[in-house]
1. Using the structure shown, decide if residue 258 is buried (at least 16 other Cβ atoms within 10 Å of the Cβ), assigned to a loop (DSSP other than H, G, I, E, B) and at pLDDT below 95.
2. Those residues that are among the aliphatic types (A, V, I, L, M), closer than 29 Å to residue 20 by Cβ and not in a loop (DSSP other than H, G, I, E, B), I need them from the range 61-92; list them, please.
3. I'd like to know if the range 214-231 contains one or more residues that are outside any loop (DSSP other than H, G, I, E, B), open to solvent by 20 Å² or more (accessible area, probe 1.4 Å), modelled with pLDDT under 95 and among the acidic types (Asp, Glu).
4. Given the conditions (1) buried (at least 17 other Cβ atoms within 10 Å of the Cβ); (2) touching a helix residue (DSSP H, G or I) at 6+ places or on another chain (Cβ under 6 Å); (3) outside any strand (DSSP E or B), and given that residue 157 satisfies all but one, which numbered condition is not satisfied?
5. So which pairs qualify, if the first residue must be in the range 234-250 and on the phi > 0 side of the Ramachandran plot, the second must be in a helix (DSSP H, G or I), the Cβ gap must be under 6 Å, and the two must be at least 6 apart or on different chains?
6. Under 6 Å between Cβ atoms, which residue pairs at least 6 apart in sequence (or on different chains) link something in the range 127-148 that is buried (at least 18 other Cβ atoms within 10 Å of the Cβ) with a partner that is among the acidic types (Asp, Glu)?
7. Give the residue that is most open to solvent (accessible area, probe 1.4 Å), with candidates limited to residues of the range 261-285 that are part of a loop (DSSP other than H, G, I, E, B) and under 16 Å from residue 134 (Cβ atoms).
8. Can you say whether residue 85 is closer than 30 Å to residue 257 by Cβ and either open to solvent by 20 Å² or more (accessible area, probe 1.4 Å) or touching a helix residue (DSSP H, G or I) at 6+ places or on another chain (Cβ under 6 Å) (or both), as far as the supplied structure shows?
Amino acid sequence: MRLCRFGEGRLGLVEGGTVRDVTAALDVLPAYRYPLPTSDVLISNLDRVTAQVRAIAATAPTLPLDGLELLSPVANPGKIIGAPVNYQKHLDEVRANTELHHENQIAVIHRTGVFLKANSSLAGPSEGIALRNLDRRNDHEIELAFVIGKTANGVSRTDAMQYVAGYSIGLDITTRGPEERSLRKSAESYTILGPWLVTADEIPDPQNLNLGITVNGEMRKDSNTKHMILGVAELIEFASSFYTLYPGDVVITGTPEGVSPIKPGDRIVATIEKIGTMSVTVRAA
């Protein structure tokens with residue numbers, strides 16, 4: 001199942017070039033009072049929501065996908081977790097280029113671990129990327145993103161995949177410089193998630209997906225998730241050994257080689273096999 005968020009909090013079921021407005025399925029969500037849960041309510045109740053989507057889909061109104069303002073498929077993640085230099089060729093290119101590493105120590109992911117991005121950096125493809133610090137280099141990074149589906153703490157890689165709710169395309173935008181990477185990657189709109197959430201049952205093997213990105217029609221990245229140093233299961237094992245993962249937490253899994261700068265006016269088209277394609281425009285903040 002492919003679920004998107006669009007418009008003013010609408011929920012859609014994506015079927016080819018059509019979206020069924022299944023917002024009524026959200027009526028199964030429990031009501032909460034302050035303090036609100038620390039997890040994303042939709043993802044916490046995804047099984048109930050998808051069951052209701054199936055029940056109402058046949059009679060739900062349809063809309064053309066083209067032209068819909070797509071939001072991030074996850075509205076309220078508790079954490080956005082990044083996996084730095086998680087492809088060997090990207091690690092090699094960063095180490096070899098001072099414009100990329102700025103004298104920062106670039107170690108393998110097993111030593112550096114994962115990092116956190118501000119939740120406020122999250123945006124959907126229709127919202128675009130608003131670049132800051134235009135006097136500095138800002139780079140695109142396409143990444144397979146996955147969403148945690150249930151609470152995970154101290155999970156082994158053997159059991160890890162049962163904790164995945166689904167997958168999306170992630171764009172991890174980076175301002176180059178000497179500062180800590182969490183700071184340089186956390187500006188508003190520097191995490192684009194979309195175009196929808198593909199439930200985990202549709203992608204049994206996330207470690208063999210072609211992914212690529214073009215900027216203004218020029219191919220910048222073309223790789224496969226099989227080249228990850230730590231795969232999805234290993235990342236869950238690693239992260240959950242340090243802190244608890246909650247439903248709706250988003251993990252972006254690292255980018256392959258081919259990082260390059262973007263500027264206002266650029267159009268990015270990102271594609272991941274079995275997920276789809278999303279187009280994102282770049283503007284000045």
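1. Yes: the conditions hold for residue 258.
2. Within the range 61-92, 63, 70, 71, 80 meet the criteria.
3. yes
4. (1)
5. Qualifying pairs under 6 Å: 248/43.
6. The qualifying pairs are 141/172; 143/172; 148/249.
7. Ranking the candidates gives 263 first.
8. Numbers: closer than 30 Å to residue 257 by Cβ: yes; either open to solvent by 20 Å² or more (accessible area, probe 1.4 Å) or touching a helix residue (DSSP H, G or I) at 6+ places or on another chain (Cβ under 6 Å) (or both): yes.
It is true that residue 85 is closer than 30 Å to residue 257 by Cβ and either open to solvent by 20 Å² or more (accessible area, probe 1.4 Å) or touching a helix residue (DSSP H, G or I) at 6+ places or on another chain (Cβ under 6 Å) (or both).
The values are calculated or read from the model by the stated rules, or taken from the named source; none is laboratory data. Keep in mind that what you see is a predicted model, and the values were worked out from it rather than measured. With ideal geometry, Cβ positions are generated from the backbone for all residues, glycine too; neighbour counts draw on all protein chains shown. What goes into the accessible areas is simple: the full protein's heavy atoms, side chains included, and nothing from ligands, DNA or RNA. Shrake-Rupley method; radii C 1.70, N 1.55, O 1.52, S 1.80 Å.
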